[in-house]
Amino acid sequence: MKDIQIGYHASHEQFRPSQLTEFVQLAQAAGFTTALSSDHFYPWSEAQGESGFAWSWLGAAMQATNLSFGIVNAPGQRYHPAIIAQAVATLCEMFPRRFWIATGSGQFLNEHINGEKWPSKMERNQRLKESVDIMRALWAGETVTNNGLINVYDAKLYTLPGYMPDVIGAAITEQTAEWVGGWADGMITTSRPPAELARMVEAFHRGGGEGKPVYLKVQLSYDVTLERALLGAHQQWRNNVFPSSLLADIRSPAGFDSTGLMVRPEDMMQAVRVSDSLDQHTEWLSQDIAAGVTHLYLHNVNLEQKLFIEKFGKNVIPHLV
């Protein structure tokens, strides 16, 4: 199992940016080779309680480490794609070949803040593809005018990346996985049982993704006891166990908290990989690699980040790369 990248997920919803900078430095020292950043305006719950601006943080985090970084972003509503293209170009000029962007259709939670209409999923996908086309044209040095779901007038970047940055398509369903296979440079999805993950990879390949990398954001909870791991996951992540079709249209952290009221600690086992066994976590991640994943981004959803980084660096990563 070679050429596998193991990344640390920096969750801006759960930790202050200064803490996350410390965590990515610890992750690099422990053997992680890459990192993934969330990009939220709101946290998932009031209990998480943070929502730092990821784009400010990325420059500091990349200067503080030698890791490569990615971000999951939804251009088209909260962010105009020309501005995101400029942000990506700047990071790529400063840190060549160390930054990539994953693009998705977004969630109402974050995108509704500008007061614009929240489109249907089909229209959001169309807007996403239009945004990616605009960004790629700007990175190529073109002057861009576009009248459509995204309006751009006479935009041109003067600080260019010097190469075409990778755009990874975010997909939760097989239908979306097949669609992004045709235009994205890779796919990112979330952890799921082996058979479901294999179908996601197959759909991506079927749509044109054969030979392209597959990125996986893994939701896990590790602690020194199973009880602590389970309670930590429940406290921080219980609002996220529902299907994306439901979560995509919730307005506020309080709304997410309402959806999570009936979730019991034992229910977390279906949505998060909860275990105090490092061997078990290694086995799960090995199954992901066998399904065709090339980049694993590990999100320990509880608050014990330093313990997670240390133990996975010593006892998990060496068995996977």
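For region 1-97, trypsin sites (Lys or Arg not before Pro) are listed when DSSP marks them as loop and at most 13 other Cβ atoms sit within 10 Å of their Cβ; the list is Lys2, Arg97. Each other residue within a Cβ distance under 13 Å of Ile172 adds +1 if Lys or Arg and -1 if Asp or Glu, for a net charge of +2. When only the Cβ of Lys, Arg, Asp and Glu is charged (+1, +1, -1, -1), the dipole of the chain relative to its Cα centre reaches about 280 debye. Per-peptide packing, taken as the mean over residues of other Cβ atoms within 10 Å, places 222-229, 152-159 in the sequence 222-229, 152-159 from highest down. Ordering 114-120, 18-24 by mean Cβ neighbour count within 10 Å, with the highest value first, yields 18-24, 114-120.
The residues of the chain expose, per residue, 43 Å² of accessible area to a 1.4 Å probe.
Farthest toward the positive end of the dipole of region 63-161, out of Leu160, Ile134, Ser105, is the Cα of Ser105, where the dipole comes from beta carbon charges about the Cα centre. For the chain, the Stokes-Einstein estimate of translational diffusion at 37 °C and a viscosity of 0.692 mPa s comes to 165 µm²/s, using the Kirkwood hydrodynamic radius over alpha-carbon pairs. The largest accessible area among His9, His234 belongs to the first residue in His234, His9, and the rest follow in falling order (1.4 Å probe, all chains). With a cut-off of 11 Å on the backbone N, no residue of region 65-88 is near the modelled label site 7 Å out from Lys156 along Cα-Cβ.
In this Cβ point-charge picture (+1 for Lys and Arg, -1 for Asp and Glu), region 148-287 has a dipole of about 260 debye about its Cα centre. Annotation: aspartates and glutamates with alpha-carbon distance below 12 angstrom to Lys217 (same-chain offsets under eight excluded): Asp288. Projecting the Cα positions of Ala35, Gln270, Gly49 onto the charge dipole of the chain (unit charges on Cβ atoms of Lys, Arg, Asp and Glu, taken about the Cα centre) puts Ala35 furthest along the positive direction.
A simple rule links phi to the HN-Hα coupling: the Karplus curve 6.51 cos²θ - 1.76 cosθ + 1.60 with θ = phi - 60°, which for region 210-226 gives 4, x, 8, x, 10, 9, 10, 8, 9, 8, 9, 9, 10, 7, 6, 9, 5 Hz, with x for Gly and Pro. First compute the accessible area of region 40-185 with a 1.4 Å probe, then give the percent of it belonging to carbon and sulfur atoms. Reported share for carbon and sulfur atoms: 50 percent. Computed from backbone phi, the HN-Hα couplings of region 5-20 come to 9, 10, x, 9, 8, 8, 9, 5, 6, 10, 9, 5, x, 5, 5, 5 Hz, rounded to whole numbers (Karplus: 6.51 cos²θ - 1.76 cosθ + 1.60, θ = phi - 60°; Gly and Pro given as x).
Every helix of 4 or more DSSP H residues in the chain counts as -39500 (n - 2.57), and over all residues that averages to -12000 deg cm²/dmol at 222 nm. Of the residues Ile150, Ala61, Gln14, the one whose Cα sits farthest towards the positive end of the charge dipole of the chain is Ile150 (charges of +1 on Lys and Arg Cβ, -1 on Asp and Glu Cβ, taken about the Cα centre). Taking Cα centre as origin and charging only the Cβ of basic (Lys, Arg, +1) and acidic (Asp, Glu, -1) residues, the dipole magnitude of region 1-113 rounds to 300 debye.
The values are calculated or read from the model by the stated rules, or taken from the named source; none is laboratory data. For clarity, every value in this text was computed on a predicted model and none was experimentally measured. Quick reminder, even Gly has a Cβ in these numbers, built from the backbone with ideal geometry, and neighbours come from all protein chains shown. With ligands, DNA and RNA removed, areas are computed over all heavy atoms of the protein, side chains included. Shrake-Rupley method; radii C 1.70, N 1.55, O 1.52, S 1.80 Å.
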